[in-house]
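The values are calculated or read from the model by the stated rules, or taken from the named source; none is laboratory data. Keep in mind that what you see is a predicted model, and the values were worked out from it rather than measured. Using ideal geometry, Cβ is built from the backbone for each residue, glycine included, and neighbour counts are taken over all protein chains shown.
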Amino acid sequence: MPKPESFPMEKIFVPTKQKKTLRPETVAEIAESMLEIGQQEPISIRRDGDRLVLVEGLHRLEACKALGETTILGVLVPAEVAQYRPQLAERPEVEAERIKMARLKQLRLEKEAAEASTAGLKSAGATEVSRIRPAKGVRDNAKASAGRIAKSKPKTLSDWITQQKGSGGRY
């Protein structure tokens, strides 16, 4: 395999047929990964006269563009190899990478949602507690009888049954 080189992205031509396969969500996932760990696999390009033509790596190329890069790591492949390359959908390692990236994204989103939920509950809980608890000695139910308020809450089921029997209530 040829050694990866740095190529200026503005000189890389992307065939129209490849442009139609572009998926923005995949570009975003790859860009996020590149921010964390960098470009792990070079793109494949071939020479066509004075220009460079993209053979493989459209989403990586677009992710680098989205990140504001001006160059990208790539390898030059002969035109013969480029013509007989397997389609992306036929390559199991590409599909495995997509699945892995989707799983990582889902885990990150779940973690962020859990953190946001926890933070929201903490802030809402502090305001709820102040609204729910009346000041000490203030009754919050004007219709409640003094006898009912004076009774302590039963700690066990048997205490509750005993309390109900004593007050003539049904259980």
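Residues satisfying the criterion are present in the stretch 41-51 (criterion: surrounded by 14 or more Cβ atoms within 10 Å (Cβ to Cβ) and either under 20 Å from Arg108 (Cβ atoms) or hydroxyl-bearing (Ser, Thr, Tyr) (or both)). The set of residues in the stretch 27-67 being of a type in the set (A, V, I, L, M, F, W, C), over 19 Å from Glu95 (Cβ atoms), in contact (Cβ under 8 Å) with a residue 24 or more places away in the chain and out of contact with any Leu (no Cβ under 6 Å at 6 or more places or on another chain) consists of Met34, Leu35, Leu52, Val53, Leu54, Leu61, Cys64, Ala66, Leu67.
Only one entry of Arg85, Arg139 meets the criterion of being over 30 Å from Ile37 (Cβ atoms), at pLDDT below 75 and surrounded by 10 or more Cβ atoms within 10 Å (Cβ to Cβ), and that entry is Arg139.
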